[in-house]
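Note sheet for the following structure.
The values are calculated or read from the model by the stated rules, or taken from the named source; none is laboratory data. If you're wondering where the values come from, they're calculated on a predicted model, not measured in any experiment. Virtual Cβ from ideal backbone geometry, glycine too; neighbours counted across all protein chains shown. Quick note on the areas: whole protein, heavy atoms, side chains included, nothing else; ligands and nucleic acids left out. Shrake-Rupley method; radii C 1.70, N 1.55, O 1.52, S 1.80 Å.
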Amino acid sequence: FDVRESEYQNEATIKTDITKRNNAVNTILSGTTATDSIELMEYFNDWLTKNNEYNTLVSAGEDDPNSAHEALSALVGNIGTTGPVCEGYAKAFKVLCDAKNIPCVLVDGDAKSTASATGEGHMWNYVQANDDNWYAVDVTWNDPTGGNAGAVSGVENQDWFLLGANTEVDTNWTFIQSHPVENLVFDGATAFTNGPVLSEKAYEVSD
C-alpha cells in the first residue's frame with residue numbers, strides 16, 4: 001500500500017519541495033553569525049516563533065491541512081490557515097538543528113500546559129546541549145495563540161526552552177508530567193520510550 005501523501009505522488013514534486021526546504025534553511029541560517037549551540041537554538045526558536053502563526057483553522061477547532069504538519073510549513077514562514085501546527089514547528093526546529101549538527105529528536109505524547117488543562121496530542125523536541133545533557137524545547141508553546149494576529153503576535157517567549165524533567169511549569173507540576181512521552185506511530189500502537197534520558201534540571205548558563 002502507498003503511505004505517501006496525495007501531494008507527494010511524483011518525483012518532481014518531492015524534489016521541488018526538498019529544494020524549497022534547503023533554500024529556506026539556508027535563508028534562516030544566513031540571519032545569524034552564532035556558532036555556540038545554545039545561541040543557535042535560541043535563534044531558531046526566535047525565528048520560528050516570529051515568522052509563523054499557529055494554524056488558525058486548528059485554533060478555531062477545525063481540521064488542519066496536511067501541510068501544517070510538515071517542516072516546510074514553518075521553515076518558509078506561514079500564518080493564518082496555512083500556519084504550522086506542533087509537528088510543523090518541531091520538525092522545522094529539528095531540521096535547523098540538524099543543519100548545525102546539534103543532536104535533536106522529535107518527541108510526542110498527550111501534553112498539557114498546566115495541571116488543570118486538558119491534554120491533547122502534541123509534538124516537541126529533545127536537544128543535547130553543550131554539557132552533553134538532553135533538554136526539552138517546545139517551540140509551539142513558545143509561540144502561543146493570543147496577542148496580535150499575524151507572524152509577530154508580541155507574546156512569543158522562551159518559557160518552554162531547555163527544560164528538565166523536574167522543571168516546575170505549574171504549581172507542583174513538572175515538565176515530564178506536562179509532557180509525558182508516548183511516541184505512538186499511530187493510535188493504538190505500542191509506545192516506545194527508549195529515547196534520550198531528559199536531564200532532571202533545566203539548562204543553566206555557566207558564568
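Odds and ends about this structure:
- Amide H within-cut-off set for G83, under 5 Å, with H built and near neighbours excluded: T56
- Unsatisfied cross-links (Cα-Cα over 25 Å) in the set K15/K112; K15/K91; K50/K201; K15/K50: K15/K112; K50/K201; K15/K50
- About the centre of its Cα atoms, the stretch 6-82 shows a dipole size close to 280 debye [charges on the beta carbon of Lys, Arg (+1) and Asp, Glu (-1) only; nearest 20 debye].
- Residue-wise HN-Hα couplings along the stretch 105-122, as the Karplus relation 6.51 cos²θ - 1.76 cosθ + 1.60 with θ = phi - 60° gives them from phi, are 10, 8, 9, 9, x, 9, 9, 8, 6, 9, 4, 8, 6, 8, x, 8, x, 8 Hz; Gly and Pro carry x.
- Rounded to the nearest 20 debye, the dipole magnitude of the chain is 460 debye, with +1 charges on Lys and Arg beta carbons, -1 on Asp and Glu beta carbons, and the Cα centre as origin.
- Only helical runs count toward this figure. For the chain, summing -39,500 (n - 2.57) over DSSP H runs of n ≥ 4 and dividing by all residues gives -8500 deg cm²/dmol at 222 nm.
- For the chain, the relative contact order works out to 18 percent when only alpha carbon pairs closer than 8 Å and six or more residues apart are counted.
- Gyration tensor (Cα) of the stretch 1-157, equivalent ellipsoid semi-axes in angstrom: 22, 21, 16
- Top positive-direction residue, dipole computed over the stretch 49-207 with Cβ charges, set N51, W160, G147: N51
- Sequence ranges 118-125, 16-23, 137-144, ranked by mean other-Cβ count within 10 angstrom, highest first: 137-144, 118-125, 16-23
- The mean accessible area for residues of the chain, using a 1.4 Å probe and ignoring ligands and nucleic acids, is 53 Å² per residue.
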